[in-house]
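K.L.:
This is the structure, below, for whatever I ask next.
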Amino acid sequence: MFIKLNDRVYLNMAKITRMKIDHVEDGIRVRFYEGQDQVAKSKRFETTDDAQAWIEELLKEVK
């Protein structure tokens, strides 16, 4: 199932094996992985709670 990540990126959620909330130098982002390879990252979030809520909303679309 493809979901729209942003204006230009669609993800095939059937291939995503891991999602990680990560603190990077410009803020907090969610990173998406297929196996060991990072295939996409989300927009920037202010808190990990915001990122977690965004992931949960995204996963509702997949169901």
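The values are calculated or read from the model by the stated rules, or taken from the named source; none is laboratory data. Remember, predicted model here, so these are calculated numbers, not experimental data. All Cβ positions, glycine included, derive from the backbone under ideal geometry; neighbour counts span all protein chains shown. Heads up: the accessible areas ignore ligands, DNA and RNA and are worked out on the full protein's heavy atoms, side chains in. Shrake-Rupley method; radii C 1.70, N 1.55, O 1.52, S 1.80 Å.
K.L.:
What spacing in nm lies between the two simple spin-label points modelled at ARG31 and GLU46, each 7 Å away from Cα in the Cβ direction?
P.N.:
Distance between label points: 2.5 nm.
K.L.:
In debye to the nearest 20, how big a dipole does the chain give about its Cα centre with +1 on each Lys and Arg Cβ and -1 on each Asp and Glu Cβ? Mind dumping the intermediate values first?
P.N.:
On the way: 12 positive and 12 negative charges, 60 e Å.
With Lys and Arg at +1 and Asp and Glu at -1, about 280 debye.
K.L.:
Say the dipole of the range 4-63 comes from +1 at the beta carbon of Lys and Arg and -1 at that of Asp and Glu; which of TRP54, ALA14, SER42 then lies farthest toward its positive end?
P.N.:
ALA14
K.L.:
At a 1.4 Å probe radius, which order do MET13, MET19 fall into by accessible area, largest first? Intermediate values should be presented prior to the final figure.
P.N.:
Values: MET13 25, MET19 65 Å².
Descending accessible area places them as MET19, MET13.
K.L.:
First compute the accessible area of the chain with a 1.4 Å probe, then give the percent of it belonging to carbon and sulfur atoms.
P.N.:
Details: 2060 of 4590 Å².
Carbon plus sulfur share of accessible area: 45 percent.
K.L.:
Please work out how much length the chain gains when fully extended from LYS60 to ARG8, using 0.36 nm per residue of separation minus the C-alpha to C-alpha distance, in nm with one decimal.
P.N.:
Values: separation 52, 0.36 × 52 = 18.72 nm, distance 2.05 nm.
Result for the pair: 16.7 nm of gain on full extension.
K.L.:
Counting only the heavy atoms of the protein chains, how much of TYR33 is accessible to a 1.4 Å probe, in Å² to the nearest 10?
P.N.:
For TYR33, the solvent-accessible surface is approximately 20 Å².
K.L.:
May I ask you to give the solvent-accessible area per residue for the chain, in square angstrom, as obtained with a 1.4 angstrom probe?
P.N.:
On the way: 4590 Å² over 63 residues.
Dividing the accessible area of the chain by its residue count gives 73 Å².
K.L.:
Right, another one. Taking only Cα atoms, what is the 0 to 90° angle, nearest 10, from helix 48-62's long axis to the longest principal axis of the chain?
P.N.:
Result, in degrees: 10.
K.L.:
Hey, another quick one. How much length would be gained if the chain were fully extended between VAL24 and ALA53, taking 0.36 nm per residue of separation minus their Cα-Cα distance, in nm to one decimal? Please report the intermediate quantities before stating the final value.
P.N.:
On the way: separation 29, 0.36 × 29 = 10.44 nm, distance 1.85 nm.
That pair, VAL24 and ALA53, stretches by 8.6 nm at full extension.
K.L.:
Continuing with this model, one more query. Could you name the lysines in cross-link range of LYS15, using Cα to Cα under 18 Å and dropping any fewer than eight places away on the same chain?
P.N.:
LYS15 reaches LYS4, LYS41, LYS60, LYS63.
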